[in-house]
Amino acid sequence: MPVDDPPVALVRRALEAFSRRDFRAAFSLLHPACVWTLRAAETGFPFGGTARGRNAIARRWKMLDQSFEYLLFRPLGALGADGGDYIVRARCEVVLKHRESGETFFRTARMFFEVHDMLIVRVEEYYDTAKLQAFMALFDRPSTDATAGRGGGGKGGNRLAHDVPPGAVQTPSNPDDAPERVAERVLERWSVGDIEGTLDCFADDCVYVMHIDEAVMPSAGPAVGLDEIVERLNSLQEMFEYLTYQPGKPQVNGDIVRVRCYVSVRSKTTAQTYEGSLRLVMKIQDGKIVEMDEFHDAPAIEAYQRLAARGDGAADDGAPD
């Protein structure tokens, strides 16, 4: 397969997007059900294993960004493909700097991408396990005055973001930071069109995934960080007039909040209306939303978009919930 064939070009665009930390562009090239396996068994690297789906992959990259600064992420040489298969091979030079300790790690990763219908459906990433294991051993050493002075945290030594047990939930000292209150606040602010108040409820590195085909709703897919989230919120307000946004009672399980919202909107360009419901699943920590998934009735949205595309101005009576 020539280097310039579409699957190779697609993988090249993905690697270039990751190298400049343009997560929105990179994630848009992944299939919603993409499976990304990072082979780092027995090295102590906490972000190894398999992430299933764009949302899980986005969370992994967010956690990596919390612990490491990428000083370099660069493909080496030409990309290649295996025969007639849609498997694209790449070698990438990577330099990581641990944000807390300042330790750096250089590695070359081997990566395999499976491409179907011009989306990446599977990624396999391989490390030099000996070098990675040696790097991770730095964080197992007892802390000293030197390491504490470099952000080691005293008795705790050097820590990675993943060291905090993912299921651990602490009772906030401020009742307003409780997950249920944060969820109620963000829903109240969005229902009245207050973008600034809505944005204040999100963590700086929040991952907000709208689960609709991006070909149907251009603002869908993952938004990573406040800049991308505010871009999405502004885009939604530019496209639609919100006639109703009525949240149901939030269901709380630790730091996870689930809520169904009933909505009706009118297109500002075609005057077509849509009525239906959506489900939100929010992960809330330290009084901020760190992850949010938004699920819609995809067939109803697609039918609405087809009507809106006709541009005849006739109001729809709403898709069933």
Which residue pairs have Cβ atoms under 6 Å apart, sit 6 or more places apart or on different chains, and have a first residue in the stretch 247-275 that is without any contact (Cβ under 8 Å) to a residue 24 or more places away in the chain and a second that is of a type in the set (Lys, Arg)?
-> Gly248/Arg260; Gln251/Arg258; Arg260/Arg279
Would a scan of the stretch 252-262 turn up a residue that is among the basic types (Lys, Arg) and open to solvent by 70 Å² or more (accessible area, probe 1.4 Å)?
-> yes
The one condition in (1) at pLDDT 85 or above; (2) over 20 Å from Gln66 (Cβ atoms); (3) surrounded by fewer than 18 Cβ atoms within 10 Å (Cβ to Cβ); (4) touching a helix residue (DSSP H, G or I) at 6+ places or on another chain (Cβ under 8 Å) that Val192 fails to fulfil = (4)
If we keep only residues of the stretch 5-21 that are modelled with pLDDT under 85 and under 18 Å from the mean Cα position of the chain (by Cα), then the residue farthest from Pro75 (Cα to Cα) is Arg21
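Which of the residues spanning the stretch 22-43 are over 15 Å from Val123 (Cα atoms) and either buried (at least 17 other Cβ atoms within 10 Å of the Cβ) or at pLDDT 80 or above (or both)?
Answer for the stretch 22-43, where residues must be over 15 Å from Val123 (Cα atoms) and either buried (at least 17 other Cβ atoms within 10 Å of the Cβ) or at pLDDT 80 or above (or both): Asp22, Phe23, Arg24, Ala25, Thr43.
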Those residues that are at pLDDT 75 or above and open to solvent by 40 Å² or more (accessible area, probe 1.4 Å), I need them from the stretch 289-312; list them, please.
-> Phe295, His296, Asp297
Which one of Leu132, Leu119, Leu96, Leu160 is modelled with pLDDT under 65 and over 25 Å from Gly248 (Cβ atoms)?
-> Leu160
Which one is surrounded by the fewest Cβ atoms within 10 Å (Cβ to Cβ) among residues in the stretch 226-243 that are closer than 13 Å to Gly193 by Cα and without any contact (Cβ under 8 Å) to a residue 24 or more places away in the chain?
-> Ser235
Would you say Lys155 is open to solvent by 40 Å² or more (accessible area, probe 1.4 Å), modelled with pLDDT of 70 or more and among the charged types (D, E, K, R)?
-> no
Does Pro2 qualify as being at pLDDT 80 or above and open to solvent by 50 Å² or more (accessible area, probe 1.4 Å)?
-> no
Mind counting the residues in the stretch 44-60 that are in a strand (DSSP E or B) and at pLDDT 80 or above?
-> 3
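The values are calculated or read from the model by the stated rules, or taken from the named source; none is laboratory data. All values derive from a computational prediction rather than experimental measurement. Reconstructed Cβ throughout: ideal geometry from the backbone, glycine too, with neighbour counts over all protein chains shown. In case anyone asks, the SASA skips ligands and DNA or RNA and just uses the protein heavy atoms, side chains included. Shrake-Rupley method; radii C 1.70, N 1.55, O 1.52, S 1.80 Å.
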